[in-house]
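Reviewing the structure listed below.
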Amino acid sequence: MSNIRISPLEERHIPRVLEIEVSSQSCPWSEESFRNEIKTDHGIFIVAEEGTEIVGFAGVWVVVDEAHIITVAVDESHRRKGVANKLITELLLRAQSVGATCSTLEVRAGNEPAKKLYESLGFKPAGIRKRYYPDNKEDAVIMWMYGLSAWEPVSAS
Ligand SMILES: CC(C)(COP(=O)(O)OP(=O)(O)OC[C@H]1O[C@@H](n2cnc3c(N)ncnc32)[C@H](O)[C@@H]1OP(=O)(O)O)[C@@H](O)C(=O)NCCC(=O)NCCS
């Protein structure tokens with residue numbers, strides 16, 4: 001994982017980020033949504049680069065003391081190498097440093113890889129939003145991590 005570099009999302013990253021988004025999500029974000037993430041002052045949006053190639057990205061909104069993980073995706077050919085672990089870890093540390101004390105997110109009930117990822121970092125399921133996703137009416141699992149102030153990184157094996 002030492003060859004993965006994390007940096008803030010910039011305009012020049014958007015075409016590649018969109019490519020990963022479209023191939024990873026059943027309801028992909030628009031180009032405009034990513035542009036807005038660069039401008040927003042309550043969000044932290046980062047990309048993971050291997051050499052000169054973007055291999056993943058993730059974002060969080062920090063609202064008062066809550067860090068809402070809004071998205072994460074990793075290019076299919078770079079999965080299971082710890083990239084998402086590194087991205088979410090970086091977001092949690094950055095959110096911690098600006099005063100977030102807890103973190104939350106929603107994940108599709110059937111998205112086992114993402115649920116496992118979040119659980120491996122310390123998130124716990126805390127409730128269900130029934131038929132939350134408009135494309136297929138899938139339920140969302142709400143996950144929370146309390147005690148973010150004292151949280152420490154957990155390496156992927
Ligand atoms: C979910 C996703 C971001 C994981 O990215 P990744 O870089 O492969 O994840 P990592 O390699 O950092 O995995 C970290 C841990 O998450 C869990 N995990 C990740 N993918 C998994 C899978 N396919 N099956 C089971 N557990 C998985 C494991 O606990 C893993 O640790 P381990 O490898 O030591 O067992 C990736 O599969 C993806 O982009 N999916 C499509 C987009 C998506 O669903 N985003 C989440 C929206 S909420």
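The values are calculated or read from the model by the stated rules, or taken from the named source; none is laboratory data. Just so you know, these numbers come straight off a predicted model, no measurement behind them. With ideal geometry, Cβ positions are generated from the backbone for all residues, glycine too; neighbour counts draw on all protein chains shown.
Among the residues of the range 96-105, are any within 8 Å of the ligand (Cβ to nearest atom) and either of a type outside the set (Val, Ile, Thr) or in contact with a helix residue (DSSP H, G or I) (Cβ under 9 Å, 6 or more places away or on another chain) (or both)?
Taking every residue of the range 96-105 in turn, at least one turns out to be within 8 Å of the ligand (Cβ to nearest atom) and either of a type outside the set (Val, Ile, Thr) or in contact with a helix residue (DSSP H, G or I) (Cβ under 9 Å, 6 or more places away or on another chain) (or both).
State yes or no: is residue 78 without any contact (Cβ under 8 Å) to a residue 40 or more places away in the chain, within 8 Å of the ligand (Cβ to nearest atom) and more than 24 Å from residue 128 (Cβ to Cβ)?
The answer is yes for residue 78.
Determine which single condition residue 49 fails, assuming it passes every other condition in (1) near the ligand (Cβ under 9 Å from one of its atoms); (2) under 13 Å from residue 6 (Cα atoms).
Result: residue 49 passes all but (1).
Within the range 104-124, track down each residue that is in contact with a Phe, Trp or Tyr (Cβ under 7 Å, 6 or more places away or on another chain) and not acidic (Asp, Glu).
Once the filter is applied, which keeps residues that are in contact with a Phe, Trp or Tyr (Cβ under 7 Å, 6 or more places away or on another chain) and not acidic (Asp, Glu), the range 104-124 yields 104, 105, 107, 108, 122, 123, 124.
For the range 10-115, list the strands (runs of 3 or more DSSP E) that sit wholly inside it and hold at least 3 residues that are more than 14 Å from the chain's Cα centre (by Cα); which are they?
Ranges flagged: 53-63.
I'm trying to understand the selection: among the residues of the range 112-139, which are surrounded by 15 or more Cβ atoms within 10 Å (Cβ to Cβ) and within 9 Å of the ligand (Cβ to nearest atom)?
Within the range 112-139, 114, 115, 117, 118, 120, 121 meet the criteria.
Just one of the numbered conditions (1) in contact (Cβ under 8 Å) with a residue 60 or more places away in the chain; (2) among the basic types (Lys, Arg); (3) not in a helix (DSSP H, G or I) is not true of residue 137; which one?
Looking at each condition in turn, residue 137 falls short on (1).
Mind checking which pairs have a first residue in the range 141-157 that is near the ligand (Cβ under 10 Å from one of its atoms) and modelled with pLDDT of 95 or more and a second that is assigned to a loop (DSSP other than H, G, I, E, B) and not acidic (Asp, Glu), Cβ under 7 Å, 6 or more apart or different chains?
141/109; 143/123
When only residues in the range 15-74 that are of a type in the set (Gly, Ala, Ser) and over 24 Å from residue 98 (Cβ atoms) count, which is surrounded by the fewest Cβ atoms within 10 Å (Cβ to Cβ)?
51
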